[in-house]
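The values are calculated or read from the model by the stated rules, or taken from the named source; none is laboratory data. Here the structure is a predicted model, which means the values were calculated and not measured. Cβ sites come from the backbone with ideal geometry, for glycine too, and all protein chains shown count toward neighbours. Quick note on the areas: whole protein, heavy atoms, side chains included, nothing else; ligands and nucleic acids left out. Shrake-Rupley method; radii C 1.70, N 1.55, O 1.52, S 1.80 Å.
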Amino acid sequence: MSRPFDLTLYLVTDPRLVAERGLLATVEAAVKGGVTLVQLRDPDAHGRALVEQARALKALLAPLGIPLIVNDRVDVAVAADADGVHLGQDDMSPADARALLGPERILGLSVGNPAEFAGSSSGIDIGAVDYLGVGPVKATGTKKDAGAAIGAAGVAAVRALTRRPIVGIGGIDGALAGEVIRAGADGVAVVSAICAAPDPEHAARALLSAVTAAR
Ligand code: TZP
Ligand code: MG
């Protein structure tokens, strides 16, 4: 059983989009605005830099009770004592990650569409996974190799296949957040809607209201 987590408003960081304001300042503002979970995502960073960033984020978030998830890197998550890991379909299998992470850490898995969910649940052990990141919901420039957009209807289709918690991701803004929640997602994950906003705290607060209103 993993430690408790709340997918309501899930911030995924992007090194380019936080460069000007800084990673910690951006996350601190976003958390003030109501972000409930933070993922450190920097696919190009080297391990040492990533561990340092994860430790700094953990020090900021732990006193606030907000879990820190590390993208892709089980080793970095363990080294920095992060709360969990988010895996892509081509990363280490969830079962292997779970063996390294132990029972308490949170484990997420990206699912691009209903067919990929069906493949994941047969080909790999989805039993080790605590939540699914589903999308891109809408086309996004933030992740260059993201698959085809599936819309809120795609989220609903994955929802129909599993009871596991789902967070929608990809191109989500205030307007789309409500649709994704009404499609059955437990929360929304955003990168640019917060990281590239002129006021990340205000942006987070607006997204949180959209999610809450749609529930
Ligand atoms: N995974 C699927 S889409 C995406 C990730 C990391 C990027 C989402 O970024 P944005 O800016 O919220 O569209
Ligand atoms: Mg990944």
Taking the convex hull of the alpha carbon atoms in the chain, what volume per residue do you get, in Å³?
106
How high is the relative contact order of the range 9-214, given as a whole-number percent (alpha carbon pairs under 8 Å, six or more residues apart)?
21
Net length gained if the chain between Ala153 and Glu20 were fully extended (0.36 nm per residue, minus Cα distance):
44.3 nm
For the range 1-55, what D do you get in µm² per second when you plug the Kirkwood radius from alpha-carbon pairs into Stokes-Einstein at 20 °C and 1.002 mPa s?
175
What is the distance in Å between the Cα centroid of the range 60-99 and that of the range 181-197?
20
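At 222 nm, what value in deg cm²/dmol follows for the chain if DSSP H runs of at least 4 each add -39500 (n - 2.57) and the sum is divided by all its residues, to the nearest 500? Don't skip to the end; give the middle numbers.
Values: 9 runs with 86 residues, N = 215.
Helix contribution divided over all residues of the chain: -11500 deg cm²/dmol.
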Quarter of Cα convex hull surface for the range 1-107, i.e. mean projection, nm²
6.5
Taking each full run of DSSP H in the chain as one helix, which ones are at least 18 Å long along their axis (Cα atoms) and have mean Kyte-Doolittle hydropathy of at least 0.5?
200-214
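Near Asp14, within a Cβ-to-Cβ distance under 15 Å, what is the net charge of the other residues, with Lys and Arg +1 and Asp and Glu -1?
The answer is 0.
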For the chain, with every protein chain kept in place, what is the accessible area per residue (1.4 Å probe, Å²)?
44
Residues other than Gly88 with Cβ under 13 Å of its Cβ, Lys/Arg counted +1 and Asp/Glu -1, net out at -2
Highest-fluctuation residue, Asp186, Asp81, Asp145 considered, GNM on the chain with Cα pairs under 10 Å:
Asp145
